[in-house]
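Notes to accompany the following structure.
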Amino acid sequence: MKDTNASAAPVIEARGLGLTFQTADGPVHALKDVSLTVNRGDFVSFIGPSGCGKTTFLRAVAALEQPTEGTLCVNGMSPDEARRARAYGYVFQAAGLFPWRTIEGNIKLPLEIMGYAAAERAERARKVLALVDLDGFGNKYPWQLSGGMQQRASIARALAFDADILLMDEPFGALDEIVRDRLNEELLRLWARTGKTIGFVTHSIPEAVYLSTRIVVMSPRPGRITDVIESPLPRERPLDIRDSKEFIEIAHRVREGLRTGHGDAD
């Protein structure tokens, strides 16, 4: 893929980022010397072994964790300022829908907290339900939907206040492969329609290669970036692109980066 965002202002900028947790058993170095720029409209996947800091980095962007070294800017602001400016939506590993609220009610919840008027809440919920192909399911309850549909509802909730950035922490990891493939296709269509900047955590090499404009490969703890791979794949990607020579070559480079990262780990 050609870099159409080369002149765009950076959306996320990390420089020499480090994050150490203090525990009863001593310090845990989650991130070390992480430097990365994410431009507007990028789809960036973070991949690495468990405990490598993928989720920690995403949580730092969302001001859910505080870095102990380096700098981190989101839309030119500190992560905390970006949070208050509603610069991003966050999709967690589990859908996290309240069972006593309808799907529409779950989507409206952050809008209620933010003080949107009732009419606007209803209109925004209607639009994002259509965006994630859940028309007609707004009055259903979470238990009436499949796991994949619940995750789509979770994505709709994150999109409801129209943030520029969508942060996704392994949202499809618990789903079976068939559902996961379908949601990967739907997520690419959603990205194409909205132009959001997406940060996406995954353990799956094929998922990272299929979705991303760039793939960030990370080492075991302390989490460091071992490779950043620019994807040459076109924006429109049918699932059978995974059988192409280009796809297989990128997947091989990711796999080699993961092996190298293990070898370099402290």
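The values are calculated or read from the model by the stated rules, or taken from the named source; none is laboratory data. Worth saying up front: this structure is predicted, and the values here are computed from it rather than measured. Cβ sites come from the backbone with ideal geometry, for glycine too, and all protein chains shown count toward neighbours.
Does V179 meet the test of being within 11 Å of the chain's Cα centre (by Cα), of a type in the set (V, I, T) and either on the phi < 0 side of the Ramachandran plot or part of a helix (DSSP H, G or I) (or both)?
Here the answer is no, as V179 does not meet what is asked.
Based on this model, can you work out whether T55 counts as of a type in the set (S, T, N, Q), part of a helix (DSSP H, G or I) and assigned by TED's automatic domain parsing to the domain that holds T226?
Values: of a type in the set (S, T, N, Q): yes; part of a helix (DSSP H, G or I): yes; assigned by TED's automatic domain parsing to the domain that holds T226: yes.
Taking the combined requirement at face value, the residue satisfies it.
Which residue out of V28, V44, V11, V38 is outside any helix (DSSP H, G or I) and either among the charged types (D, E, K, R) or exposed (fewer than 15 other Cβ atoms within 10 Å of the Cβ) (or both)?
Being outside any helix (DSSP H, G or I) and either among the charged types (D, E, K, R) or exposed (fewer than 15 other Cβ atoms within 10 Å of the Cβ) (or both) holds for just one of V28, V44, V11, V38, which is V28.
Within region 151-169, is even one residue aromatic (F, W, Y) and closer than 17 Å to I198 by Cα? Step through it out loud before you land on a result.
First pass over region 151-169, keeping only residues aromatic (F, W, Y): 161.
Still in the running and closer than 17 Å to I198 by Cα: 161.
The answer is yes, given that some residue of region 151-169 is aromatic (F, W, Y) and closer than 17 Å to I198 by Cα.
Looking at (1) β-branched (V, I, T); (2) over 26 Å from G173 (Cα atoms); (3) assigned to a helix (DSSP H, G or I), find the lone condition where T71 falls short.
(3)
(1) in contact (Cβ under 8 Å) with a residue 12 or more places away in the chain; (2) of a type in the set (S, T, N, Q); (3) surrounded by fewer than 20 Cβ atoms within 10 Å (Cβ to Cβ): which one isn't true of N106, the others all being true?
Every condition holds for N106 apart from (3).
Out of all the residues in region 76-86, which are surrounded by fewer than 21 Cβ atoms within 10 Å (Cβ to Cβ) and within 17 Å of the chain's Cα centre (by Cα)?
Passing the criteria: R83, R86.
On the given criteria, is R101 touching a residue at least 60 places away in the same chain (Cβ under 8 Å), outside any strand (DSSP E or B) and farther than 22 Å from P220 by Cβ?
The answer is no for R101.
Could you check how many residues of region 123-140 are in a loop (DSSP other than H, G, I, E, B) and surrounded by 16 or more Cβ atoms within 10 Å (Cβ to Cβ)?
Initially, region 123-140 is screened for residues in a loop (DSSP other than H, G, I, E, B), giving 132-140.
Those left that are additionally surrounded by 16 or more Cβ atoms within 10 Å (Cβ to Cβ): 132, 134, 137-138.
The number of residues fulfilling the criteria is 4.
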